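The values are calculated or read from the model by the stated rules, or taken from the named source; none is laboratory data. None of the values given here were measured: they were computed from a predicted structure. Heads up, the Cβs are rebuilt from the backbone with ideal geometry, glycines too, and the neighbour counts pull from every protein chain shown. Remember, those area values only see protein heavy atoms, side chains included, never the ligands or the DNA or RNA. Shrake-Rupley method; radii C 1.70, N 1.55, O 1.52, S 1.80 Å.
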Amino acid sequence: MLRALAVLLACQLAGEAITRSLDWPLPGPVLGLVILVVLLFVVGRRHLVSSSTIDETSLGRMSNGLIATLGVLFVPAGVGVIQELGPLGQYGVALAAALLVSTVLTLVVTVWVFVGVSRLVERKR
């Protein structure tokens, strides 16, 4: 378990170091997650761990444990929202409109990308 936690933290540290040193407008943990996915892909390609048994490894158990307690991390955000009810009431309509527009745009772009990728996959067949 300690090695699995070290792998997760090393990936996050690598992502943080890369984004800060290159001054990228990307959160370090997001790049760390990409690094972790690439590492897992390489491990899977070398047949060291099967994707069907990844949950049985220490990394899988550690990740599942962190995901199970992820809800606790939303408590500070909820408290922050409650503390800022004044500005939220003042700008609530604009925030709701921005959320609605960004959600619809995200869904449209997601569908567009999915259709494009599926057409590319069909052409290759």
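Rounded to the nearest 10 degrees, the inclination of helix 2-22 to the longest alpha-carbon principal axis of the chain is 60 degrees. Across all directions, the average projected area of the convex hull around the alpha carbons of the chain is 12.0 nm².
When +1 charges are put on Lys and Arg Cβ atoms and -1 charges on Asp and Glu Cβ atoms, the dipole computed for the chain relative to its Cα centre reaches about 640 debye. When 1, 62 are compared by accessible area of protein heavy atoms, the largest-first order is 1, 62, using a 1.4 Å probe. Mind checking the log10 I(q)/I(0) for the stretch 7-47 at q = 0.15, 0.20, 0.33 Å⁻¹? Debye, one equal scatterer per Cα, no solvent, two decimals. Taken in order of the listed q values, log10 I(q)/I(0) reads -0.34, -0.54, -0.99.
Projected onto their three principal axes, the Cα atoms of the stretch 55-125 cover extents of 57, 39, 9 Å, largest first. Per residue, the chain exposes 82 Å² of accessible surface when a 1.4 Å probe is rolled over the protein heavy atoms with every protein chain present. Taking the accessible area of the chain, probe 1.4 Å, and keeping the other protein chains in place, the carbon and sulfur fraction comes to 73%.
Using C-alpha pairs under 8 Å with a sequence gap of at least 6, the mean separation divided by the residue count of the stretch 11-102 gives a relative contact order of 15 percent.
Just checking the listed ones, 103, 57, 19: in the Gaussian network model of the chain with Cα springs under 10 Å, the one fluctuating most is 103. Per-residue ellipticity at 222 nm from helix content only, as computed over the chain with -39500 (n - 2.57) for each DSSP H run of at least four residues, stands at -26000 deg cm²/dmol. What's the center-to-center distance, using Cα atoms, between the stretch 14-65 and the stretch 104-125 in Å? One Cα centre to the other: 25 Å.
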